[in-house]
Amino acid sequence: MKLRQKTLLIVNATLAGLIGVIYFTSSGILTGSIRKAEENEAQQTVKGVQNLLAQYQESFRDRYADWSAWDDTYQFIQNKNQEYIKTNLIPKQLTILKANYMAYVNLSGETIYSTGYDEKLKTVLAIPPELNSRIGNKDDLLLKRPDITTKHTGMMLLSTGPIWITSQPILTSDAEGPARGSLIIGRRIDKNMIEQLSKLARLPLQLYQLDDKQLPAEIKSIFPKLSQQKNIAVQPLSEEKLAGYLLINDIDGKPGVILQVDIPRNTYQQGKASLNYLIISLILAGLVFDAVVIFLLERSILSRMAMLVTGVTQVRDTNDLALRLS
């Protein structure tokens, strides 16, 4: 192999190795930073959805404050007058209130009146057995009232799916006591509600009840990674999408459901594009550097070495020691 070829091979091999080292080092550092930034961004997104749920829960609770603190309700829990029922506890009114279940329970744990309505099916609903058994126990959390300002609001799991539930003390219109019982209102968390929340969050949402026997495998695998202290987890689903998982406790403070938030991997895609730009830039810079180095070597060293070799060859062939090397 000629000197020029060896030189070119060494220069190109060294340059390729240098580009490779720079790329893989930069790629490793950049990929780690991208993953960390992506995870932090996803967690902030899930926290935003969590805040949205908290606002919805507060709105659900406050919607019925005028019903629990109302002179008519305060009288009804004692006298059970039918006019109150005919006027207020009709399907049309429950539809306006967006309530699927309503129960009036006195201080003894006796249900004075209960009703329910499904607006979609246009049918009257009975109080679910799980809820009925709770409001029949005066020591249950829903009926415990250390003071007249205590309200219990949260999520309750039923065999038919989760519901929002609020239990509020029955007071006068001036919010004065003594409390005469509890007004308990429940609303189903159905697909329509999840779709509404998805529109508000501008992200696809899915809700999974932990006691569901048909719980997807990915939810079963992510559940052990969630806890009271760390109720958010993130994992990639594909090159384009990752999922954020939020563990939500029920009204008793026990793990109840997992909310999945599907998040586009914009940060990851931008990182991949940056890596592509990096390798292209390194290759272009390497080619320019290679051309400059070869040009300088050719002009300063290789061409002169070639002339020297040619002169030595002429001296050897002619045996003319007086021949001048140039």
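The values are calculated or read from the model by the stated rules, or taken from the named source; none is laboratory data. Predicted model only: the values in this text are computed from it and were never measured. So basically every Cβ, Gly included, is an ideal-geometry build from the backbone, and we count neighbours across all protein chains shown.
Would you point out the residue of the range 213-240, among those that are hydrophobic (A, V, I, L, M, F, W, C) and loosely packed, with under 14 Cβ neighbours inside 10 Å, that is nearest to residue 38 (Cα to Cα)?
237
Looking only at the range 243-295, which residues are basic (Lys, Arg) and either in contact with a His (Cβ under 8 Å, 6 or more places away or on another chain) or modelled with pLDDT of 75 or more (or both)?
Matches in the range 243-295: 254, 265.
Which of the residues belonging to the range 236-292 are of a type in the set (S, T, N, Q) and in a strand (DSSP E or B)?
249, 260 - these are the residues of the range 236-292 that are of a type in the set (S, T, N, Q) and in a strand (DSSP E or B).
What residue, of 73, 87, is touching a residue at least 60 places away in the same chain (Cβ under 8 Å), touching a helix residue (DSSP H, G or I) at 6+ places or on another chain (Cβ under 9 Å) and in a helix (DSSP H, G or I)?
Exactly one residue qualifies, and that residue is 73.
Of everything in the range 98-125 that's over 35 Å from the mean Cα position of the chain (by Cα) and free of Cβ contacts under 8 Å to residues at least 24 places away in the same chain, which residue is farthest from residue 180 (Cα to Cα)?
123
Condition (residue is surrounded by 15 or more Cβ atoms within 10 Å (Cβ to Cβ), of a type outside the set (Asp, Glu), touching a residue at least 24 places away in the same chain (Cβ under 8 Å) and assigned to a loop (DSSP other than H, G, I, E, B)) applied to the range 183-192: is it met by at least one residue?
Looking for residues that are surrounded by 15 or more Cβ atoms within 10 Å (Cβ to Cβ), of a type outside the set (Asp, Glu), touching a residue at least 24 places away in the same chain (Cβ under 8 Å) and assigned to a loop (DSSP other than H, G, I, E, B), one finds at least one in the range 183-192, hence yes.
Restricted to the range 136-147, and to residues that are modelled with pLDDT of 90 or more and surrounded by 14 or more Cβ atoms within 10 Å (Cβ to Cβ), which residue is nearest to the chain's Cα centre (by Cα)?
The selected residue is 142.
For the range 116-134, give me each residue that is assigned to a strand (DSSP E or B), of a type in the set (Ser, Thr, Tyr) and farther than 11 Å from residue 99 by Cβ.
123
Residue-by-condition table, conditions (1) in a helix (DSSP H, G or I); (2) closer than 30 Å to residue 64 by Cβ:
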| residue | (1), (2) |
| --- | --- |
| 138 | no, yes |
| 155 | no, yes |
| 175 | no, yes |
| 218 | yes, no |
| 229 | no, no |
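Give the residue that is nearest to the chain's Cα centre (by Cα), with candidates limited to residues of the range 193-214 that are part of a helix (DSSP H, G or I) and among the polar types (S, T, N, Q).
198
Would you confirm whether any residue within the range 118-131 is in contact with a helix residue (DSSP H, G or I) (Cβ under 6 Å, 6 or more places away or on another chain), more than 22 Å from residue 84 (Cβ to Cβ) and aliphatic (A, V, I, L, M)?
no
Of the numbered conditions (1) crowded, with 20+ Cβ neighbours inside 10 Å; (2) more than 30 Å from residue 195 (Cβ to Cβ), residue 285 satisfies every one except a single condition; which is it?
(1)
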